[in-house]
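*Asks:* Before we start, here is the structure in question, set down as structure tokens.
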């Protein structure tokens, strides 16, 4: 076995150890959620095994190596935080989880919203709605467009495309949108949980609504921009 093969084998064993330790950290989430969170935490913490091996090789002092320790150092802190987050997500309802995923996807630039009345203009709070600073120092969109923004009854409302918006949320945040959870039922949950924009009426047997205050009467899944800017968390009344 070559040195590179030995290194790969050792890293593989370390990765499995870190993933298993993370998955066993919490009994507050289901087996599938714990497995997903464990893999994520393992991917993050296995690098510390490599750093600790390097620290040992160069005879770095114990005061530094204890930071990298598997049981008590940064790896353990990361495992704890990851599983705590997974437990919080497990408590979230399908509608709440989708709202959080949408807010996070926009903030991370995986997708963007455009101004419904002037698509070439960056919307207000563009930095949190999927836009970034371009080469010419002007705002530019990132990712695919998943909806449009309108001012409805004095409030900014995003009209999401139900298919493309859910697809991004599902692909980028599987810890929030687990396999098997479908778009229609998730959007329906947002309606049932009162997470949609105020002053809109759901179209019969659909998850969309028309903004009757806008001349073109645009249609989409209506979510308040304030909710998205709050990370998908319900706003205080």
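*Asks:* Tell me which residues, restricted to the range 132-169, are free of Cβ contacts under 8 Å to residues at least 40 places away in the same chain and either farther than 20 Å from residue 116 by Cα or not assigned by TED's automatic domain parsing to the domain that holds residue 197 (or both).
*Replies:* 133, 134, 135, 136, 137, 167, listed by residue number.
*Asks:* Here's another thing I want to ask about it. Among the residues of the range 194-206, write down those that are closer than 13 Å to residue 96 by Cα and surrounded by 13 or more Cβ atoms within 10 Å (Cβ to Cβ). If you could, list the steps in order and put the result at the bottom.
*Replies:* So in the range 194-206, the residues closer than 13 Å to residue 96 by Cα come out as 194-196.
Hits for the range 194-206 are 195, 196.
*Asks:* Cβ-Cβ below 7 Å, separation at least six or inter-chain, first residue in the range 189-218 and farther than 16 Å from residue 153 by Cβ, second surrounded by fewer than 19 Cβ atoms within 10 Å (Cβ to Cβ) and at pLDDT below 90: which pairs?
*Replies:* Close Cβ pairs (under 7 Å, with a partner that is surrounded by fewer than 19 Cβ atoms within 10 Å (Cβ to Cβ) and at pLDDT below 90) amount to 189/93; 193/93; 195/234.
*Asks:* Can you tell me how many residues in the range 184-203 are part of a helix (DSSP H, G or I), under 18 Å from residue 228 (Cα atoms) and in contact with a helix residue (DSSP H, G or I) (Cβ under 7 Å, 6 or more places away or on another chain)? Please lay out each step first, then the result.
*Replies:* Step one: of the range 184-203, the residues part of a helix (DSSP H, G or I) are 184-192.
When the remaining residues are screened for being under 18 Å from residue 228 (Cα atoms), the result is 186-192.
Adding the requirement that they be in contact with a helix residue (DSSP H, G or I) (Cβ under 7 Å, 6 or more places away or on another chain) leaves 186-187, 189-190, 192.
The number of residues fulfilling the criteria is 5.
*Asks:* Follow-up question, since we're still on this one. Could you tell me whether residue 78 is modelled with pLDDT of 70 or more and out of contact with any strand residue (DSSP E or B) (no Cβ under 8 Å at 6 or more places or on another chain)?
*Replies:* Numbers: modelled with pLDDT of 70 or more: yes; out of contact with any strand residue (DSSP E or B) (no Cβ under 8 Å at 6 or more places or on another chain): yes.
Here the answer is yes, as residue 78 does meet what is asked.
*Asks:* Taking the condition outside any strand (DSSP E or B), on the phi > 0 side of the Ramachandran plot and over 21 Å from the mean Cα position of the chain (by Cα), does residue 124 pass?
*Replies:* On the way: outside any strand (DSSP E or B): yes; on the phi > 0 side of the Ramachandran plot: no; over 21 Å from the mean Cα position of the chain (by Cα): yes.
So residue 124 fails the test.
The rows are residues; the columns are (1) surrounded by 17 or more Cβ atoms within 10 Å (Cβ to Cβ); (2) out of contact with any strand residue (DSSP E or B) (no Cβ under 7 Å at 6 or more places or on another chain); (3) modelled with pLDDT under 90.
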| position | (1), (2), (3) |
| --- | --- |
| 146 | yes, no, no |
| 159 | yes, no, no |
| 182 | no, yes, no |
| 189 | yes, yes, no |
| 192 | no, yes, no |
| 216 | no, yes, yes |
| 226 | no, yes, no |
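The values are calculated or read from the model by the stated rules, or taken from the named source; none is laboratory data. Only a predicted model underlies this, so the values are computations on that prediction, with no experimental measurement involved. Neighbour counts are summed over all protein chains in view; Cβ atoms, including those assigned to glycine, are modelled from backbone coordinates with ideal geometry.
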